[in-house]
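The values are calculated or read from the model by the stated rules, or taken from the named source; none is laboratory data. In this text, all values refer to a predicted model and were calculated from it rather than measured experimentally. No Cβ is skipped: glycine too gets one built from the backbone with ideal geometry, and neighbour counts run over all protein chains shown.
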Amino acid sequence: MTATGTSTTAPPARTRLGIVAAALCGVLALLAALAVGHLAAGFISVNASPYLAVGNGAIDLTPVELKDFAVRTFGTHDKLVLLSGMAVVLVVAAALAGVASRRSPWPGTVVVALFGVLGIVAVAVRPDLGPVAVLAPLASLVAGVVVFRLLHHAARGTGAGPREGSSRRSFLLAGAGALAGSAVVGVGGQLLGATRNAAASREAVGRLVPARTAPAIPADADFAKLGTPPFLTPNRDFYRVDTALTVPQVRAEDWSLRIHGLVDREKRYRYADLRDRPLVERTITMTCVSNEVGGPYVSTANFVGVDLADLLAEAGVRPGAEQLYSSSVDGWTSGTPVAAALDRGRGAMLALGMNGEPLPLEHGFPARLVVPGLYGYVSATKWVVDLEVTTWAARQAYWLRRGWAEQAPIKTESRIDTPRGFQTLPAGTVRVAGIAWAQHTGIDRVEVRLDNGSWQPAVLSAQDTVDTWRMWWAELRVPPGSHQVACRATDHGGYTQTQDRAGTVPDGATGWHTITFTAK
């Protein structure tokens, strides 16, 4: 006491959390926020989940070159890599936010709130979500802030740090409760989302029987026994490249297709309307523009559906129309030349089935576009729900806004499938086999050469149609040592694929596929 009777005792120092406890506050709050957001999205739309909305936003904002690298490097696992990378970044950021809050909960509160605002913005700008969807990231924000504050309070206790007995126990109990609650809520959101699964709807469609079947595939259309792929690609092996982080779940009974724009009559078709029409079957090879020279993104299937030209004729396309601007249920857009869509000789389709069954969910069920001869980014909209007949100036589709070409005819290419690169083989006679494609033009011949020797003709499989790939094989006399073998194709138009290497942007890769192997 001083002479005046006033106490000089200093107030107790503010408790400083341990690093581990502080980091756990941030990480557990993050888990709670994501779980609550996922649960709320289960009532609205899976894409309203803030985690997925931010991931979709990241895909939309990623530079073309980086996207191309991701597809080339990770293939169909590119989305898993993105989500995993996001998870790591979020956990680290949440832990650091917690550590920054060792003396006061406010730094972490601000960071958690900023994460929530980011989720709200990501959901608000999604073209496939309405205003009510922001309730999911808003719930996520509130849950994150509340859980973080509660955990921080439990860790500090009443004037004691988390390393002291009662405070430690209360923090452990609060942390365990937050973790268990997040798990329960997250599983609940997953189960709720599963109720929207379209698998049962697809199963109920049954077999799609075409009124006009595709011509029988010739018996010697492939050389699978010699190392080429089978002529028809099984659905499970058919390449998949798209921007959807999660496969859209659209039930056939809920689906409809709107045709509008520069047409005489706006039309809307339900799934049953199309299912009950005379269906047509066509065998078509599809290729992704992201396919590097020698790459895997080319596949062939029997597609069943209706002629796109018939649907457009029923709507009445007006003069001046240039582009068929198609939209997926997840907001992705594509622009197809109207001339290609109307060309009955090309056989553009609204496909409902694939290889004898309804479209697989990941390949566009209930319906997708298939326009032979054009790269997929202008011809193959999956989960399609809207077709606007318009001009190129009026609308720019997803990839056009990112620098890809407006017109995208598939280029004449060939690929070596066997031997594999860097394989070791016995010296002597070596069989080389592969595929070639020039959709809507057709393959006329394929040639191979060993090292820098002369070009030798390969044996071609029987041609199915000009819209499908063609298999080939050749035998080479190979001495011991390291060797290179290259292939090139010539189409029915007389064009021989160029040796000049070009990347996939803006309109598809070019060059000869060359592999190196060793003979002993």
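Could you grab me the full set of residues in segment 94-112 that are part of a helix (DSSP H, G or I) and touching a residue at least 60 places away in the same chain (Cβ under 8 Å)? Talk me through it step by step, then tell me what you get.
Initial filter on segment 94-112 (part of a helix (DSSP H, G or I)): 94-99, 106-112.
Within segment 94-112, Ala94, Ala95, Leu96, Ala97, Gly98, Val99, Gly108, Val111, Val112 meet the criteria.
Out of Pro230, Pro234, which single residue is within 26 Å of the chain's Cα centre (by Cα) and free of Cβ contacts under 8 Å to residues at least 60 places away in the same chain?
Details: Pro234 fails: free of Cβ contacts under 8 Å to residues at least 60 places away in the same chain.
Just one listed residue meets the conditions, Pro230.
Is there any pair linking a residue in segment 175-204 that is without any contact (Cβ under 8 Å) to a residue 60 or more places away in the chain to one that is surrounded by 16 or more Cβ atoms within 10 Å (Cβ to Cβ) and of a type in the set (S, T, N, Q), with Cβ under 7 Å and at least six apart or on different chains, and which?
If the second residue must be surrounded by 16 or more Cβ atoms within 10 Å (Cβ to Cβ) and of a type in the set (S, T, N, Q), the pairs left are Asn197/Gln249.
Under 9 Å between Cβ atoms, which residue pairs at least 6 apart in sequence (or on different chains) link something in segment 47-65 that is closer than 21 Å to Val505 by Cβ and in a helix (DSSP H, G or I) with a partner that is modelled with pLDDT of 90 or more and among the aliphatic types (A, V, I, L, M)?
Matching pairs, first to second residue: Ala58/Met86; Ala58/Ala122; Asp60/Val125; Val64/Val505; Glu65/Val505.
Test each condition in (1) surrounded by fewer than 15 Cβ atoms within 10 Å (Cβ to Cβ); (2) closer than 23 Å to Val241 by Cα for Arg103 and report the one that comes out false.
(2)
For every residue, the table says whether it meets (1) in the same structural domain as Val64 (by TED's automatic domain parsing); (2) surrounded by fewer than 18 Cβ atoms within 10 Å (Cβ to Cβ); (3) within 20 Å of Asn452 (Cβ to Cβ).
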| site | (1), (2), (3) |
| --- | --- |
| Asp467 | no, no, no |
| Met471 | no, no, no |
| Leu476 | no, no, yes |
| Val485 | no, no, yes |
| Arg488 | no, no, yes |
| Thr496 | no, yes, yes |
| His513 | no, no, yes |
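Any idea which of Val125, Val185 is surrounded by 14 or more Cβ atoms within 10 Å (Cβ to Cβ), assigned by TED's automatic domain parsing to the domain that holds Val36 and of a type outside the set (Phe, Trp, Tyr)?
Details: Val125 fails: surrounded by 14 or more Cβ atoms within 10 Å (Cβ to Cβ).
Answer to the selection: Val185.
Can we say Gly331 is under 28 Å from Val247 (Cβ atoms) and modelled with pLDDT of 95 or more?
Here the answer is no, as Gly331 does not meet what is asked.
Out of the residues in segment 9-39 meeting the condition of being modelled with pLDDT of 50 or more and assigned to a loop (DSSP other than H, G, I, E, B), tell me which one is nearest to Phe148 (Cα to Cα).
Of everything passing the filter in segment 9-39, Leu17 is nearest to Phe148 (Cα to Cα).
Can you tell which of Leu342, Leu279, Leu361 is of a type outside the set (S, T, N, Q) and under 24 Å from the mean Cα position of the chain (by Cα)? Please lay out each step first, then the result.
Working: Leu342 fails: under 24 Å from the mean Cα position of the chain (by Cα); Leu279 fails: under 24 Å from the mean Cα position of the chain (by Cα).
Selected residue: Leu361, the only one of Leu342, Leu279, Leu361 that is of a type outside the set (S, T, N, Q) and under 24 Å from the mean Cα position of the chain (by Cα).
Looking at Asp500, Asp444, can you tell me which residue is assigned to a loop (DSSP other than H, G, I, E, B) and either of a type in the set (D, E, K, R) or more than 25 Å from Thr287 (Cβ to Cβ) (or both)? Step through it out loud before you land on a result.
On the way: Asp444 fails: assigned to a loop (DSSP other than H, G, I, E, B).
Result: Asp500 is the single residue among Asp500, Asp444 that is assigned to a loop (DSSP other than H, G, I, E, B) and either of a type in the set (D, E, K, R) or more than 25 Å from Thr287 (Cβ to Cβ) (or both).
Among the candidates Ser379, Ser334, which residue alone is within 18 Å of Asp128 (Cα to Cα) and not assigned by TED's automatic domain parsing to the domain that holds Ile443?
Numbers: Ser379 fails: within 18 Å of Asp128 (Cα to Cα).
The unique qualifying residue is Ser334.
Which of (1) of a type outside the set (Val, Ile, Thr); (2) farther than 16 Å from Met286 by Cα; (3) out of contact with any helix residue (DSSP H, G or I) (no Cβ under 6 Å at 6 or more places or on another chain); (4) at pLDDT 95 or above does Asn452 not meet, given it meets every other one?
Just one mismatch for Asn452, condition (4).
Within segment 281-288, identify whether any single residue is part of a loop (DSSP other than H, G, I, E, B), surrounded by fewer than 21 Cβ atoms within 10 Å (Cβ to Cβ) and in contact with a helix residue (DSSP H, G or I) (Cβ under 8 Å, 6 or more places away or on another chain), and answer yes or no. Give the steps one after another, and end with the answer.
Initial filter on segment 281-288 (part of a loop (DSSP other than H, G, I, E, B)): 288.
With the extra rule that they be surrounded by fewer than 21 Cβ atoms within 10 Å (Cβ to Cβ), the set shrinks to none.
Scanning segment 281-288 turns up no residue that is part of a loop (DSSP other than H, G, I, E, B), surrounded by fewer than 21 Cβ atoms within 10 Å (Cβ to Cβ) and in contact with a helix residue (DSSP H, G or I) (Cβ under 8 Å, 6 or more places away or on another chain).
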